[in-house]
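Enquirer: Pasting a structure here, questions to come.
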Amino acid sequence: MKKKLKIIVVSLIVVGASLLAIYIFSEGKKREVKNIVITYNDVLRKAHLEMNASLLSRLTSEKQLKKVDSYIAFNLKNGRIIDGELRDLQFQDIIIQENSAIVVTIERWGWVYMDPGSKKPVSEMFDDVYGNTYSLVRTGGHWVVDDIDSNVIDASPKE
């Protein structure tokens, strides 16, 4: 009887340790993709201010880099750049597969259009909430943002 009890206890310990290891590994991957999204947003702000999408080249796929570059060019053509501040970032869901990940966020941004030369505001300050879905791919041993689906949840000018 004692031998069976020992086998059961050892089996439970092994199973528990295995589940803990899987959980820790999974949380590590989630932390890694969260950090990519946070860093992407920090560098995106800088890329807009400096009018230089290539700052994102290590964080994005070529496809996403072209989207950002086109948006910067569009704004420059209209005589403006964007200065934004990420005021709140909430991770709603993270799904990770072997070489891809989906990260769903709710983000609150304060932003303004600015003159590219003087860097002075040319619009009112906006305070918008977005629902974003980031598609990430793992290439060359690290995660990059491959696509973003962004929807305004609440758009309201701040007086």
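Enquirer: Residue 119 passes all but one of (1) at positive phi; (2) within 14 Å of the chain's Cα centre (by Cα); which number fails?
Expert: Among (1) at positive phi; (2) within 14 Å of the chain's Cα centre (by Cα), the lone unmet condition for residue 119 is (2).
Enquirer: Only strands (runs of 3 or more DSSP E) wholly contained in the range 81-144 count here; list those with 3 or more residues that are free of Cβ contacts under 8 Å to residues at least 24 places away in the same chain and over 15 Å from residue 156 (Cβ atoms).
Expert: On the way: elements: 81-96, 100-114, 125-139.
Strands (runs of 3 or more DSSP E) meeting the threshold: 81-96.
Enquirer: Of these, 134, 130, which one is surrounded by 13 or more Cβ atoms within 10 Å (Cβ to Cβ), in contact with a helix residue (DSSP H, G or I) (Cβ under 6 Å, 6 or more places away or on another chain) and under 25 Å from residue 62 (Cα atoms)? Please lay out each step first, then the result.
Expert: On the way: 130 fails: in contact with a helix residue (DSSP H, G or I) (Cβ under 6 Å, 6 or more places away or on another chain).
Just one listed residue meets the conditions, 134.
Enquirer: Counting only residues that are out of contact with any Lys or Arg (no Cβ under 8 Å at 6 or more places or on another chain), over 20 Å from residue 47 (Cβ atoms) and of a type in the set (Asp, Glu), how many does the range 78-110 have?
Expert: Residues that pass the stated criteria total 1.
Let's see how each residue does on (1) surrounded by 11 or more Cβ atoms within 10 Å (Cβ to Cβ); (2) touching a strand residue (DSSP E or B) at 6+ places or on another chain (Cβ under 8 Å); (3) at pLDDT 75 or above:
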{"site": "15", "(1), (2), (3)": "no, no, no"}
{"site": "18", "(1), (2), (3)": "no, no, no"}
{"site": "24", "(1), (2), (3)": "no, no, no"}
{"site": "30", "(1), (2), (3)": "yes, yes, yes"}
{"site": "38", "(1), (2), (3)": "yes, yes, yes"}
{"site": "43", "(1), (2), (3)": "yes, no, yes"}
{"site": "49", "(1), (2), (3)": "yes, yes, yes"}
{"site": "55", "(1), (2), (3)": "yes, no, yes"}
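The values are calculated or read from the model by the stated rules, or taken from the named source; none is laboratory data. Since the model is a prediction, treat every value here as computed from it, not as a measurement. Virtual Cβ from ideal backbone geometry, glycine too; neighbours counted across all protein chains shown.
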